[in-house]
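The values are calculated or read from the model by the stated rules, or taken from the named source; none is laboratory data. Small disclaimer: the values here were computed from a predicted structure and weren't measured. Cβ placement follows ideal geometry from the backbone for every residue including glycine, while neighbour counts extend to all protein chains displayed. For accessibility, only protein heavy atoms count, side chains too; no ligands or nucleic acids. Shrake-Rupley method; radii C 1.70, N 1.55, O 1.52, S 1.80 Å.
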Amino acid sequence: MSQTRAPLGMSGRGRDRRRRVAGALFAILCAAATLVGVVALAVLLTDVIMDGSHRLSVDFLTSFASRFPERAGVKAALVGSVWILGLTAVIAFPVSVAAAIYLEEYAPKSWVTRLIQLNIANLAGVPSIVYGMLGLTLFVRALALQRSILSGALTLSILILPVIIMASQEAIRAVPRSLREAAYGLGATRWQVVSLQVLPMAMPGILTGTILALSRAVGETAPLIMVGAVGFLAFTPSGVMDQFTVLPLQIYNWISRPQEEFHQLAAAGILVLLILLLTMNATAIILRNRFRKHH
Amino acid sequence: MATTYDIDTGGARPALEARGVSVYYGEKQAVRSIDLIIPPNRVVALIGPSGCGKSTLLRCFNRMNDLVPGARVEGEVDFHGQNLYGAHVDPVEVRRRIGMVFQKPNPFPKSIYDNTAFGPKVNGYRGDMGVLVEESLRQAALWDEVHDRLGDSAYALSGGQQQRLCIARTLAVRPEIVLMDEPASALDPIATQKIEELILQLKKDYTIVIVTHNMQQAARISDFTAFLYMGELVEYGPTGTIFTTPREERTEAYVTGRFG
């Protein structure tokens with residue numbers, strides 16, 4: 001070598017080396033940040049499983065709440081959560097998707113539309129207790145729906161509407177313009193373009209958004225207390241006008257008792273809630289993949 | 001600036017006639033008062049440098065500009081004695097009778113069969129769909145390559161095949177006029193050649209207006225050529241004349257490759 005050219009990787013002196021160290025440090029920092037989330041979840045899971053797993057049994061799922069911890073179960077709360085969730089999905093999904101379609105495909109791009117858009121974004125950030133107050137005033141009292149599953153589901157629907165609307169808008173916007181033009185170019189009406197091309201393509205994204213929003217709804221407690229979910233229920237609802245309780249409320253109820261046995265029940269309740277959540281997310285993934293395959 | 005030109009439609013009524021067509025995108029004027037006659041069963045090429053308004057003009061012919069927010073069209077486009085921009089004209093009907101093929105192949109994420117059948121289906125076609133699909137794919141010179149795999153995804157086809165599928169899909173609606181917006185610009189030379197041969201075939205049954213960047217292509221396939229520059233129609237005439245003895249200096253400069 002005639003000149004002082006160091007082999008690759010050996011030229012690092014001074015600034016060069018500092019640069020590489022900084023890069024490596026940054027990577028480590030990011031990895032550590034990721035770990036915080038993972039570790040927190042692992043600790044939580046271990047703690048809950050240690051406390052609650054031995055209480056998890058068929059009896060736990062098929063028994064009502066009781067003053068005696070050894071006889072208590074989550075039947076009413078589990079069934080209540082499933083009712084609330086199902087009804088919320090049935091109400092919120094079509095309304096949100098319709099709103100998203102209107103905003104993306106029909107609404108003129110005017111200041112009114114922008115104002116609506118801004119409001120939807122803001123609504124997504126409103127504390128859930130505020131929705132509870134709205135539900136109490138509007139559904140429970142004004143519309144006289146009482147402290148029913150219907151009141152609860154309507155309240156939660158309004159709570160998650162903005163989230164599903166925004167997710168659906170994203171998904172609809174992601175459908176390439178060229179596909180719309182192709183369909184319009186063949187003499188399709190706006191409705192045909194939306195229903196036959198845009199919606200099927202956007203559906204995986206819409207479904208993902210919906211399930212994520214429902215996952216939020218299943219964990220909500222505050223607004224449901226406002227609209228009158230009860231902490232102790234010894235029957236399962238048989239219709240949408242019945243009283244109800246939900247898993248988070250049941251868990252809260254147990255945790256607020258002094259006896260250790262009830263805390264174990266609460267942990268077992270949390271496990272049931274987590275399993276319900278995981279089932280929902282798995283359903284979302286399966287639905288999404290199925291839609292992807294078909295379109 | 002009105003340009004005089006002499007287009008021989010062979011005594012037939014023009015397939016399309018633009019009169020004083022201007023297009024605005026918001027404040028910006030993209031097309032300036034263009035008059036253009038499209039003779040039936042001919043290939044008309046629109047050429048000009050990027051941003052000259054040729055694609056915008058093409059999109060006026062089937063009201064595709066309606067879909068662009070902020071776009072405004074002035075003037076008239078006469079089709080069978082009716083103004084396409086008349087008050088009672090339904091743009092959906094216009095697009096059914098005047099089809100369009102786009103720059104990038106844009107098949108639907110569906111099977112080859114469903115792609116071809118989409119147009120007829122949305123337009124309420126009641127005949128034998130299988131026959132129509134076969135006919136359309138044959139017309140687009142694609143049948144022999146795909147007849148044994150109509151159920152496969154259109155995305156499994158090559159770029160050139162996809163573009164011919166898009167042409168078949170357009171033909172399946174049985175339009176009178178086919179507008180093509182640089183249909184071969186995303187394709188390799190062999191696929192391009194196939195599309196060009198196809199266009200020459202289609203001339204028998206359809207009127208074709210094609211936007212192209214490729215001047216050799218315009219010279220090879222078109223009967224008439226319109227040269228646009230900065231939103232204006234500079235010159236329009238038989239393709240041979242435009243490429244050999246243009247009247248306007250700007251046309252000559254462009255077709256000989258001195259600018260653009």
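Rounded to the nearest 5, what is the percent of antiparallel bridges among the DSSP beta bridges in the protein assembly as shown?
Working: 23 of 40 bridges.
The antiparallel fraction comes to roughly 60 percent.
With heavy atoms of protein chains only and a 1.4 Å probe, what residues of the stretch A:155-184 have at least 20 Å² less accessible area in the full set of chains than alone?
Buried by the other chains: A:177, A:178, A:179, A:181, A:182, A:184.
Using the Kyte-Doolittle scale, find the helices of chain A whose mean hydropathy is at least 1.6 and whose Cα atoms extend 27 Å or more along the helix's long axis, counting only whole DSSP H runs.
Values: long enough: A:15-52 (55 Å, 1.13); A:75-101 (39 Å, 1.92); A:149-173 (34 Å, 1.64); A:199-219 (30 Å, 1.26); A:260-294 (51 Å, 0.74).
The answer, listed by residue number, is A:75-101, A:149-173.
Mind pulling the angle between the C-alpha long axis of helix B:112-122 and the longest principal axis of chain B? Nearest 10 degrees, somewhere in 0 to 90.
Roughly 70 degrees between the two axes.
What list of ³J(HN,Hα) values in whole Hz, one per residue of the stretch B:174-185 in order, does the Karplus curve 6.51 cos²θ - 1.76 cosθ + 1.60 (θ = phi - 60°) give from phi, with Gly and Pro shown as x?
Here the 3J(HN,Hα) series is 6, x, 8, 10, 10, 9, 10, 9, 6, x, 10, 5 Hz.
Measuring with a 1.4 Å probe in the full set of protein chains, what accessible area per residue, in whole Å², belongs to the stretch B:23-108? Before the final figure, lay out the partial values.
Details: 3400 Å² over 86 residues.
Result: 40 Å² per residue.
Hey, which lysines would be in cross-link range of residue B:203, C-alpha to C-alpha under 18 Å, not counting anything within fewer than 8 residues on its own chain?
B:194
To the nearest 10 degrees, how steeply does helix B:189-202 sit against the main Cα axis of chain B, on a 0 to 90 scale?
The angle comes out at about 90 degrees.
Residue B:28 to residue B:258: extension gain in nm, 0.36 nm per residue of separation minus the Cα-Cα distance? Don't jump to the answer; show the numbers that get you there.
On the way: separation 230, 0.36 × 230 = 82.80 nm, distance 2.70 nm.
Here the answer is 80.1 nm.
Taking Cα pairs under 8 Å and at least six residues apart, what relative contact order does chain A come out at, in percent?
Details: 356 pairs, mean separation 75.9, N = 295.
The value is 26 percent.
Using a 1.4 angstrom probe, figure out how much accessible area chain A has per residue, in square angstrom, rounded to the nearest whole.
On a per-residue basis, chain A sits at 54 Å².
At 7 Å along the Cα-to-beta-carbon direction for both residue B:83 and residue A:257, put a label point, then send me their distance in nm to one decimal.
8.1 nm
Please build a GNM for chain A, connecting alpha carbons under 10 Å apart, and tell me which residue among A:272, A:38, A:246 fluctuates the most.
Checking each option, the largest mean-square fluctuation is seen for A:38.
What is the interface area between chains B and A, defined as buried accessible area summed over both chains with a 1.4 Å probe, reported in Å² to the nearest 100? If you can, show how the numbers build up before the last one.
Details: alone 11970 and 16930 Å², together 27170 Å².
Answer for the B-A pair: about 1700 Å² buried.
Angle between the Cα long axis of helix B:159-171 and the longest principal axis of chain B, 0 to 90 degrees, nearest 10?
90 degrees
Greater than 23 Å separation of Cα atoms is the criterion. Which listed pairs, B:121/B:204; A:109/B:28; B:54/B:104, meet it? Could the numbers behind the result be given before it?
Numbers: B:121/B:204 25 Å; A:109/B:28 18 Å; B:54/B:104 16 Å.
B:121/B:204, as the Cα separations exceed 23 Å there.
Rounded to the nearest 0.05, what FRET efficiency do residue A:95 and residue A:41 have when you use their Cβ-Cβ distance and R0 = 35 Å? List each step's numbers first, then the result.
Values: r = 33 Å, r/R0 = 0.94.
Computed FRET efficiency for residue A:95 and residue A:41 comes out at 0.60.
Hey, with R₀ at 60 Å, roughly what FRET efficiency would residue B:205 and residue A:25 work out to, going by the Cβ-Cβ distance, to 0.05?
Working: r = 69 Å, r/R0 = 1.15.
Given R0 = 60 Å and the Cβ-Cβ separation, E is 0.30.
Using the heavy atoms of the protein chains alone and a 1.4 angstrom probe, what is the accessible area of the stretch B:164-234 per residue in square angstrom?
Working: 2400 Å² over 71 residues.
Heavy-atom SASA per residue in the stretch B:164-234 reads 34 Å².
Where does the stretch A:90-141 land on Rg(C-alpha)/(2.2 N^0.38 Å)?
Numbers: Rg = 13.5 Å, N = 52, 2.2 N^0.38 = 9.9 Å.
Rounded to two decimals, the normalised Rg is 1.37.
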